[in-house]
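Below is one structure, written out as structure tokens; the observations come after it.
The values are calculated or read from the model by the stated rules, or taken from the named source; none is laboratory data. Here the structure is a predicted model, which means the values were calculated and not measured. We place every Cβ from the backbone using ideal geometry, glycine too, and count neighbours over all the protein chains shown. These accessible areas exclude ligands, DNA and RNA; they are computed on the full protein's heavy atoms, side chains included. Shrake-Rupley method; radii C 1.70, N 1.55, O 1.52, S 1.80 Å.
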Amino acid sequence: MISVKHSRGAYNVRFCSFAEVIGGIPSDALVVVDGNVAKLWPLGQERTFFAPPGEQTKCFAELEGIHRWLAKLGADRSSILYAIGGGVVGDLAGFAAATYMRGIRYVQVPTTLLAMVDSSVGGKVAIDIPEGKNLVGSFYPPTEVQTPLDALTTLPPREFTAGVAEIVKAGLIADERLTARLSTGKLTLDSSDLQSVIETSIKIKAAVVEADEEERTGLRATLNFGHTIGHALEAHLGYKDLLHGEAVAIGMVVESAIGVRLGITPPSVLDVVRQSIDVQALPSNHTVLANADELIALMRRDKKSEGGHIAMSLLTGIGQCKLVPNVEATLIREVLNEFAKDQ
Ligand code: GLY
């Protein structure tokens, strides 16, 4: 069990089976579940809202649907909401919990690897608007995170691998040993150290969010290594074609190449980044990188950017990074063009 402290208390991240999650849901609890998860893991729960799978579900219409469903079922301030699914359901149901009656308790039950190691920990909840992803949201810690590792057995392999990208990132920014593990052997469902690798990754995230809960000092923003480029790729592709973790994998390689050009990232570190991405069978290049100007325009809208300056979390070593608030667009363009030539 991992304890995560926050300004109003603390919550635990607890590993369990899916059956234990279901068995432990109080009869008067309310459940928001991803429609696909509900098909694979029937809940037998009456007070359940089925959220359509996909990023488009993180919208005002679904949020309103959950608020009105909670009201119709007579939910009040003593109610507890379970969010069962990947990052989409966690973000949406978490934001519904944060805003219904100015806040009710909620339990995160992440069923994807990405949600287990990233979005379920740290209390960021949000929906998207056409102008950008996660632009309407809040910091609202869960009451508990229950992590059913057996849910990974029904996760499509591509999604599992995409989730590994966030673990690779955690190692590269904060843990040399984790990086050594991931740069030399592929993490799979059958890896004997799967739980301990996931646990290490969660602990890294927990330590960062405890120290900078509301992303005010720049520390939490360092978790965004690979994400300035990654988010721009996803947005340019309309959130199709690349999964989030795949976009982050490409982003980590490109941002490390930018770091090398700035003299911030040692070239040997870029080699380790590339090796880790290759060993984990993640992508390191994509045709979309040829659209440098459009990607740079998207990067200027990234939440880390201020005054149109592009900010990136860049590696200073293995297990070390820093936030660089103003990376020149001309340099980014040059590096993107180099990657585009290499395809
Ligand atoms: N996913 C980055 C964060 O939670 O801050």
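Listing for the model above:
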read-out: Candidates A38, A93, A165, ranked by Gaussian network fluctuation over the chain, Cα under 10 Å, top entry; value: A38
read-out: Percent of beta bridges antiparallel (DSSP, the chain, rounded to nearest 5); value: 45
read-out: Listed residue (P156, I173, L194) projecting farthest to the positive dipole end of the range 131-208, Cβ model; value: I173
read-out: The chain: most fluctuating residue of A235, A257, A247 per GNM, C-alpha cutoff 10 Å; value: A235
read-out: Mean residue ellipticity (222 nm) of the chain, computed from DSSP H runs ≥ 4 via -39,500 (n - 2.57), nearest 500; value: -13000 deg cm²/dmol
read-out: Where labels lie 7 Å past Cα in the beta-carbon direction, separation of A71 and T143 in nm; value: 2.2
read-out: Above-threshold pairs, the threshold being 32 Å between Cα atoms, out of K72/K304; K186/K341; K39/K322; K5/K72; K58/K341; K133/K169; value: K72/K304; K39/K322; K5/K72; K58/K341
read-out: Calculated from backbone phi, Karplus (6.51, -1.76, 1.60) coupling profile of the range 246-262 in Hz, x at Gly/Pro; value: 5, 5, 5, 4, 4, x, 5, 5, 5, 5, 5, 5, 5, x, 5, 4, 7
read-out: Full-stretch length increase - E338, D278 - with 0.36 nm per residue and alpha-carbon distance subtracted; value: 19.7 nm
read-out: Spatial separation of Cα centroids for the range 27-62 and the range 213-241, in angstrom; value: 26
read-out: Ranked order, K186, K133, K72 - accessible area, probe 1.4 Å, largest first; value: K72, K186, K133
read-out: Only Lys, Arg (+1) and Asp, Glu (-1) charged, at Cβ; the chain dipole about Cα centre in debye; value: 560
read-out: Sequence-distant residues sharing a close amide H with K124 (under 5 Å, placed H); value: Y140
read-out: Residue-normalised accessible area of the chain, expressed per residue, 1.4 Å probe, Å²; value: 41
read-out: Chain lengthening between R105 and K186 when straightened (0.36 nm per residue, less Cα-Cα); value: 25.4 nm
read-out: GluC sites (Glu not before Pro) within the range 255-343, DSSP loop, no more than 16 other Cβ atoms inside 10 Å; value: E328
read-out: Spacing of the two label points (7 Å from each Cα toward its C-beta) at F60 and Q195, in nm; value: 4.5
read-out: Estimated vicinal HN-Hα couplings, Hz - the range 329-341 in sequence order (Karplus 6.51, -1.76, 1.60; Gly, Pro = x); value: 4, 4, 5, 4, 4, 4, 5, 4, 5, 4, 5, 4, 5
read-out: In order through the range 99-108: 3J(HN,Hα) via Karplus (6.51 cos²θ - 1.76 cosθ + 1.60), integer Hz, x for Gly, Pro; value: 10, 5, 6, 6, x, 10, 6, 8, 10, 8
read-out: The range 140-299 - percent relative contact order, Cα under 8 Å, separation 6 or more; value: 27
read-out: Residues whose placed amide H lies under 5 Å from that of A51, excluding near-sequence neighbours; value: V33, D34, G35
read-out: Distance between the range 101-126 and the range 1-26 - C-alpha centres, whole angstrom; value: 11
read-out: Of all accessible heavy-atom area on the range 1-134, the percent that carbon and sulfur account for (1.4 Å); value: 54
read-out: Sparsely packed GluC sites (Glu not before Pro) within the range 23-72, loop by DSSP, other Cβ within 10 Å at most 16; value: E46
read-out: Unit charges on C-beta of K, R, D, E only; dipole of the range 58-139, Debye; value: 260
